[in-house]
Amino acid sequence: MQLTLWTYEGPPHVGAMRVATAMRGVHYVLHAPQGDTYADLLFTMIERRGERPPVTYTTFQARDLGGDTAQLFKDAARDAHARFQPQALLVGASCTAELIQDDPGGLAAALNLPVPVIPLELPAYQRKENWGAAETFYQLVRSLVVKPATPRVKGPAPRCNLLGPTALGFRHRDDVREITQLLTRLGIEINVVAPMGATPADLARLTDADFNVVLYPEIAQTAATWLSRTLGQPATKTVPIGVKATREFIAEVSALAGIAPDISAAAANSHSTWYAQSVDANYLTGKRVFVFGDASHAIAAARVAAEEFGFQVVGLGSYGREFGRELRAAAAGYGVEALITDDYLDVEAAITAAAPELVLGTQMERHIAKRLGLPCAVISAPVHVQDFPARYAPQMGFEGANVLFDTWVHPLMMGLEEHLLGMFRGDFEFHEDAAPSHLGRSTTPAALPPSAPIAIPAETVAQPASWAPDAEQELRKIPFFVRAKARRNTEAYAMSRALPLITLETLYDAKAHFSK
């Protein structure tokens with residue numbers, strides 16, 4: 001066991017809460033001590049929900065361990081059913097309560113409640129949050145789906161289920177809206193969205209669909225595989241993040257639905273491709289990017305960065321060990337070794353070693369990048385309250401691709417702006433005491449503050465330094481509209497030090513000097 005300041009995933013019972021909280025008509029009775037009730041804060045504070053999650057805790061205390069904790073659980077389950085009248089009851093134990101082995105499933109079954117009771121066996125010391133969510137959704141689907149007595153008769157329009165969105169998921173609400181709109185434009189009906197917004201009765205009619213759309217494999221792949229194996233319902237494999245993946249997703253769902261894909265109609269609001277090919281974005285080509293998050297978002301983000309924005313992927317990793325094979329295959333395509341770890345210190349060390357110019361990650365990588373002075377954009381859970389915006393900001397579909405462009409490119413542009421301001425802080429046009437540029441040339445070099453001018457010996461004025469090839473090459477990386485000023489400042493610095501040759505080190509020293 002390792003003590004840590006941050007963790008990418010909570011215990012599996014938190015994943016079960018994410019499923020229960022996303023649904024309607026479901027209640028979760030959790031055998032847990034007082035200290036394990038912290039999970040309420042995840043939904044009410046971080047996700048900013050207006051109501052607390054549908055979870056009842058037994059909240060046993062230390063003094064109860066010498067008595068009948070099993071009776072405490074039975075009382076809590078009976079009271080929860082009487083008070084909330086759920087359509088289905090989930091029962092399980094937290095990591096702490098797992099140690100006392102009270103068997104919540106057997107205890108709840110003995111109560112003979114008039115609703116389905118689904119016991120959750122979530123090994124807290126071997127598994128984590130995403131696995132817990134996937135297992136909970138799978139057990140709900142397996143317990144509640146009603147297999148039709150006769151084969152389903154297809155309707156006039158193809159129909160599908162959207163599987164995977166949960167509470168506390170990264171932009172799940174907006175992704176569902178975007179993909180629903182996209183499928184509707186293609187002429188495909190939505191049968192059930194689950195777990196988010198679904199009831200146990202909705203899960204019972206999952207069979208009334210031609211195929212399933214797996215939006216988040218970490219949550220829905222297990223259930224979708226069971227539906228495919230048991231009921232013959234095929235499922236999508238493409239996660240529609242980015243323009244290229246969205247086009248592939250449209251082709252895939254169209255094939256499953258038996259219709260002709262109409263990509264042009266679905267892509268009516270797509271702007272990111274044009275933006276990424278514009279002059280404003282061209283100077284970002286080749287930027288080094290490090291990607292880390294849950295496996296699905298990390299793999300998709302790396303592909304968008306490399307194939308659509310022209311970035312160079314110098315690191316790719318995930319905390320989701322269950323998808324290690326897919327992650328290693330994706331990383332090999334970029335010539336890097338996949339980083340699979342749940343230790344944020346390993347991630348920080350990898351980012352430092354890779355020396356990227358942009359980090360795409362979770363809330364943890366946001367903090368790491370801030371300490372390292374790197375721009376960062378969040379692409380995956382775990383996230384904090386600022387990543388549950390009130391506005392519409394999906395990650396999937398063509399509108400999601402627009403959001404990705406804005407979210408990823410703007411930190412780089414602001415970083416460039418700060419770099420240029422630092423580089424030319426001593427220039428007479430850019431220093432702190434300079435008059436606004438729209439007032440004209442109201443200041444001259446003579447008006448510089450006392451610390452800004454560089455004293456240039458008279459004997460060196462007529463002897464400008466020459467440039468080494470590596471320094472000249474580095475200079476060319478500076479945008480053309482300020483390159484001349486960078487050259488003048490660097491040459492002035494070299495002359496002030498009587499340096500006959502401007503090397504790469506001289507260029508960096510000049511930058512540091514003018515940033516003071």
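Which members of segment 165-185 meet the condition of being open to solvent by less than 20 Å² (accessible area, probe 1.4 Å) and not in a helix (DSSP H, G or I)?
Pro165, Thr166, Ala167, Gly169, Phe170
Could you identify the single residue in Ala82, Ala133 that is open to solvent by 20 Å² or more (accessible area, probe 1.4 Å), of a type in the set (A, V, I, L, M) and in a helix (DSSP H, G or I)? Give the steps one after another, and end with the answer.
On the way: Ala133 fails: open to solvent by 20 Å² or more (accessible area, probe 1.4 Å).
The match here is Ala82.
Pairs, please: C-beta under 6 Å, at least 6 apart or cross-chain, first residue touching a residue at least 60 places away in the same chain (Cβ under 8 Å) and surrounded by fewer than 21 Cβ atoms within 10 Å (Cβ to Cβ) and in segment 377-394, second charged (D, E, K, R) and in a helix (DSSP H, G or I)?
Partner pairs satisfying both residue conditions: Tyr392/Asp174; Ala393/Asp174.
Restricting to segment 202-251, name every residue that is assigned to a helix (DSSP H, G or I), of a type in the set (A, V, I, L, M) and either buried (at least 24 other Cβ atoms within 10 Å of the Cβ) or in contact (Cβ under 8 Å) with a residue 60 or more places away in the chain (or both).
First pass over segment 202-251, keeping only residues assigned to a helix (DSSP H, G or I): 202-204, 217-231, 243-251.
From the residues that got through so far, the ones that are of a type in the set (A, V, I, L, M) too are 203-204, 219-220, 223-224, 227, 231, 243, 245, 250-251.
Correct list: Leu203, Ala204, Ile219, Ala220, Ala223, Ala224, Leu227, Leu231, Val243, Ile250.
Say whether the condition of being closer than 13 Å to His297 by Cβ, modelled with pLDDT of 95 or more and crowded, with 21+ Cβ neighbours inside 10 Å is met by at least one residue in segment 325-333. Steps first, answer last, please.
Taking segment 325-333 first, the residues closer than 13 Å to His297 by Cβ are 326-327, 330.
After this cut, where a residue has to be modelled with pLDDT of 95 or more as well, the list is 326-327, 330.
Remaining after also requiring crowded, with 21+ Cβ neighbours inside 10 Å: 327, 330.
There is at least one residue in segment 325-333 that is closer than 13 Å to His297 by Cβ, modelled with pLDDT of 95 or more and crowded, with 21+ Cβ neighbours inside 10 Å.
Residues are listed down the side, and each one gets a yes or a no for (1) over 20 Å from Val141 (Cα atoms); (2) of a type in the set (Lys, Arg); (3) out of contact with any His (no Cβ under 8 Å at 6 or more places or on another chain):
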| residue | (1), (2), (3) |
| --- | --- |
| Arg24 | no, yes, yes |
| Leu42 | yes, no, yes |
| Ala70 | yes, no, yes |
| Ala82 | yes, no, yes |
| Pro86 | no, no, no |
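Which residue, of Val153, Val117, Val146, is β-branched (Val, Ile, Thr), open to solvent by 20 Å² or more (accessible area, probe 1.4 Å) and at pLDDT 95 or above? I'd like the intermediate steps shown before the answer.
On the way: Val153 fails: at pLDDT 95 or above; Val146 fails: at pLDDT 95 or above.
Going through Val153, Val117, Val146 in turn, just one is β-branched (Val, Ile, Thr), open to solvent by 20 Å² or more (accessible area, probe 1.4 Å) and at pLDDT 95 or above: Val117.
Is there any pair linking a residue in segment 180-201 that is touching a residue at least 60 places away in the same chain (Cβ under 8 Å) and under 16 Å from Gln139 (Cα atoms) to one that is assigned to a helix (DSSP H, G or I) and open to solvent by 50 Å² or more (accessible area, probe 1.4 Å), with Cβ under 8 Å and at least six apart or on different chains, and which?
Listed by first residue and then by second, the contacts come to Met196/Arg173.
Can you pull out the helices (runs of 4 or more DSSP H) entirely within segment 281-367 that have at least 1 residues that are among the charged types (D, E, K, R) and closer than 28 Å to Ala220 by Cβ? It would help to see each step written out before you state the result.
Numbers: elements: 295-303, 324-332, 344-354.
Where helices (runs of 4 or more DSSP H) fall fully within segment 281-367 and carry at least 1 residues being among the charged types (D, E, K, R) and closer than 28 Å to Ala220 by Cβ, they are 295-303, 324-332.
Has segment 276-290 got any residue that is at pLDDT 95 or above and either under 21 Å from Phe405 (Cα atoms) or open to solvent by 40 Å² or more (accessible area, probe 1.4 Å) (or both)?
yes
Applying the selection to segment 334-347, what residues are free of Cβ contacts under 8 Å to residues at least 24 places away in the same chain and either open to solvent by less than 60 Å² (accessible area, probe 1.4 Å) or of a type in the set (Ser, Thr, Tyr) (or both)?
Quick first cut of segment 334-347, residues free of Cβ contacts under 8 Å to residues at least 24 places away in the same chain only: 335-338, 340, 345-346.
Result: Val336, Ala338, Ile340.
Could you list, in sequence order, all residues of segment 136-157 that are within 34 Å of the chain's Cα centre (by Cα), among the small types (Gly, Ala, Ser) and in a loop (DSSP other than H, G, I, E, B)?
Across segment 136-157, the qualifying residue is only Ala157.
The values are calculated or read from the model by the stated rules, or taken from the named source; none is laboratory data. Keep in mind that what you see is a predicted model, and the values were worked out from it rather than measured. Glycine gets a Cβ as well: all are built from the backbone with ideal geometry, and neighbour counts include every protein chain shown. Protein only, heavy atoms only, side chains kept; ligands, DNA and RNA dropped before computing areas. Shrake-Rupley method; radii C 1.70, N 1.55, O 1.52, S 1.80 Å.
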